[in-house]
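J.: Questions regarding the structure given below will be posed in turn.
Where a number appears in this text, it was derived from the coordinates with a stated rule and is not lab data. Predicted model, so just to flag it, every value in this text is computed and none were measured. Here the Cβ positions follow ideal geometry from the backbone for every residue, glycine too, while neighbour counts run over all protein chains shown.
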Amino acid sequence: MKRLKLDRPLIVEGRYDKSKLASFLDGVIITTGGFDIFRDHKRLEMIRTLAKEKGIIILTDSDVAGFRIRSYLKGAIPQERIINAYIPDVYGKEKRKAVPSKEGKLGVEGIDAGVLIDVLRRAGVLFEDEEQAVQEGERLTKLDLYELGLSGGMDSAAKRRKLLHRLGLPENMAPNSMVGVLGAQYTAGELKEILKELD
């Protein structure tokens, strides 16, 4: 597999996540040590410094714990310095574990390398020989989500879950996160077409 180069530091939960990603990515990969990040002020300060200099990518598991760690980092670092990447909800058990996680979902370490590369590409991360961008005038907005029925409506939550499942994104993703993640890949018009297919 061709090694790909990250243009900014990647923040993950644990050493197994880091090991998996380091097998095909070149770049800085930092672990939060799981929940240790809540009390490890030096590590948080290092992540803040990296974010200030180059920006960071956050890639945590799609379970409640992963979203809690992501939320903590998002509260400690300016939003414009963060690119959020999300793995899909895949149920199963990591090879090294005796039993599945509490929620039964695979973490970053258990996700196929090809899927992880796709996740990082869809998040708009730039690699050495590739550039993906949506024209500024086409960027997705919160108003677009509302007009598409993905927020503010009676069945918005169900519609969001259906769309997120179709796009291979975690079901727990909030509308605010969706704006950035989907906006890096789709225009409002493209999402409208996908939603039509789902009806």
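J.: Charges at C-beta only: +1 for Lys and Arg, -1 for Asp and Glu. How large is the resulting dipole of region 1-109 about its Cα centre, in Debye rounded to 20?
T.: 220 debye
J.: Turning to a different aspect of this structure: For region 74-88 and region 23-47, what is the centre-to-centre distance using only Cα atoms, to the nearest Å?
T.: Using only Cα atoms to place each centre, the spacing works out to 13 Å.
J.: Tally Lys/Arg at +1 and Asp/Glu at -1 over every other residue whose Cβ is under 14 Å from the Cβ of residue 34; what's the total?
T.: Neighbour charge sum, excluding residue 34 itself: 0.
J.: Mind checking the angle between helix 156-167 and the chain's longest principal axis? C-alpha axes, 0 to 90 degrees, to the nearest 10.
T.: Tilt of helix 156-167: around 60 degrees.
J.: For the chain, what size does the Cα cloud have along each of its three principal axes, sorted from largest down, in whole Å?
T.: Cα spread of the chain along its principal axes, largest to smallest: 43, 40, 37 Å.
J.: What do the square roots of 5 times the Cα gyration tensor eigenvalues come to for region 7-99, in whole Å, largest first, as semi-axes of the equivalent ellipsoid?
T.: The three semi-axes for region 7-99 are 22, 15, 13 Å.
J.: So if I place +1 on the C-beta of Lys and Arg and -1 on the C-beta of Asp and Glu, and nothing else carries charge, what would the dipole magnitude of the chain be about its Cα centre? I want it in debye, nearest 20.
T.: 760 debye
J.: Taking the Cβ of residue 176 as the center, what net charge do the other residues with Cβ under 10 Å away carry, scoring Lys and Arg +1 and Asp and Glu -1?
T.: Details: positive: 74, 142; negative: none.
Its environment carries a net charge of +2.
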